[in-house]
1. Might you check whether a residue that is part of a loop (DSSP other than H, G, I, E, B), within 19 Å of Phe137 (Cβ to Cβ) and either modelled with pLDDT of 95 or more or touching an Asp or Glu at 6+ places or on another chain (Cβ under 7 Å) (or both) occurs anywhere in the stretch 97-107?
2. For the stretch 203-231, enumerate the residues that are over 26 Å from Leu171 (Cβ atoms) and in contact with a Phe, Trp or Tyr (Cβ under 8 Å, 6 or more places away or on another chain).
3. Residues Val149, Val189, Val132: which one is closer than 25 Å to Ser83 by Cα, hydrophobic (A, V, I, L, M, F, W, C) and not in a loop (DSSP other than H, G, I, E, B)?
4. Filter the stretch 202-226 down to residues that are part of a loop (DSSP other than H, G, I, E, B) and hydrophobic (A, V, I, L, M, F, W, C) and give me whichever is nearest to Ser45 (Cα to Cα).
5. Only one of Ser53, Ser23, Ser69 is more than 14 Å from the chain's Cα centre (by Cα) and assigned to a helix (DSSP H, G or I); which?
6. Take the residues in the stretch 141-174 that are farther than 22 Å from His104 by Cβ, among the hydrophobic types (A, V, I, L, M, F, W, C) and buried (at least 18 other Cβ atoms within 10 Å of the Cβ), then tell me which one is modelled with the lowest pLDDT.
7. Confirm whether Arg84 is more than 26 Å from Ser229 (Cβ to Cβ), out of contact with any helix residue (DSSP H, G or I) (no Cβ under 8 Å at 6 or more places or on another chain) and not hydrophobic (A, V, I, L, M, F, W, C).
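The values are calculated or read from the model by the stated rules, or taken from the named source; none is laboratory data. None of these values were measured; they are calculated from a predicted model. Please note: Cβ atoms are built from the backbone with ideal geometry, for glycine as well, and neighbour counts cover all protein chains shown.
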Amino acid sequence: MKVISITNNKGGTGKTTTTLNLSAALSSVGKKVLLIDLDAQCNLSVAAGANISGRHIGELLVGETDFESVVIKTRNFDIIPASRTLLSYEYRINSEPDSGYFLHEQLEGKNYDFVLIDCPPSLGSLTVNALVSSDIFVVPMQGENFAYVGLDEILQLSLKIKKRMNPKLDLGGILLNKFDIRTKFGQMVYSKLLSNPNVKLYKTQIRQDVSLMECTAFAQSIFEYAPESRGAKDFESLCIEILEQTNI
């Protein structure tokens, strides 16, 4: 089982779109996939058609429910949904000893090929739980101001977690998403990424495609909504890279 966190402490970078459509691509080639929504905005849960008024990841992490009770099965994958109340659970998690390991403990021994975690746009205890549980993390990035500053914070946190809590954790790669190299910010960020020895880029870039925005509104993946679109082709390509990277 490979656990992958999709993370960026800046909002609006495409974390949910990436998590949903990468999982659909992986399941389409026969992989058993679990999604975990760690964002109180619940965008992944809603996009996957999951009920956000029932059991949720916060209750699982604090021991108010068990794994089987919180998992929702869909056509293509399983999902553990978030809740609008998730931040209150994060405060409770913060007060517990060894709170960074709660998610890791819940995933031990589970029978999935891939677990994909949609992280919140922050570097708090929920993101720490995700990274402690993960083999790799993927950082979706757009060519915007302050994008590179946010990346540096993520890399610093991941190095601390790798040293202290999860020695297997590695950066899977930066995923350029709706990245316009023609802008000054795009050129600046891309140049810094290429020159940073601690950073690696996925060959696949997720191009601008209105279908990627529309499909989540209809609770569908890009492969269901627009299978011939650029977005579908890009996520097929990313899926191949992930499979090669993880050897599953």
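1. Looking only at the stretch 97-107, we keep the residues that are part of a loop (DSSP other than H, G, I, E, B), and these are 97-98.
Imposing the further condition that a residue be within 19 Å of Phe137 (Cβ to Cβ) reduces the set to none.
Within the stretch 97-107 (the criterion being part of a loop (DSSP other than H, G, I, E, B), within 19 Å of Phe137 (Cβ to Cβ) and either modelled with pLDDT of 95 or more or touching an Asp or Glu at 6+ places or on another chain (Cβ under 7 Å) (or both)), the answer is no, since none of the residues qualifies.
2. Correct list: Ser211, Glu214, Cys215, Phe218, Phe223, Tyr225.
3. Working: Val149 fails: closer than 25 Å to Ser83 by Cα; Val189 fails: closer than 25 Å to Ser83 by Cα.
Only one candidate passes the filter, namely Val132.
4. Ala219
5. Result: Ser69 is the single residue among Ser53, Ser23, Ser69 that is more than 14 Å from the chain's Cα centre (by Cα) and assigned to a helix (DSSP H, G or I).
6. Among those residues, the one meeting the criterion is Ala147.
7. Spelling it out, Arg84 is indeed more than 26 Å from Ser229 (Cβ to Cβ), out of contact with any helix residue (DSSP H, G or I) (no Cβ under 8 Å at 6 or more places or on another chain) and not hydrophobic (A, V, I, L, M, F, W, C).
Here's the yes/no breakdown for (1) of a type in the set (Asp, Glu); (2) touching a Lys or Arg at 6+ places or on another chain (Cβ under 7 Å); (3) surrounded by 14 or more Cβ atoms within 10 Å (Cβ to Cβ); (4) at pLDDT below 95:
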| site | (1), (2), (3), (4) |
| --- | --- |
| Asp39 | yes, no, yes, no |
| Asn51 | no, no, no, yes |
| Gly54 | no, no, no, yes |
| Ile57 | no, no, yes, no |
| Leu60 | no, no, yes, no |
| Lys73 | no, no, no, yes |
| Ile80 | no, no, yes, no |
| Leu87 | no, no, yes, yes |
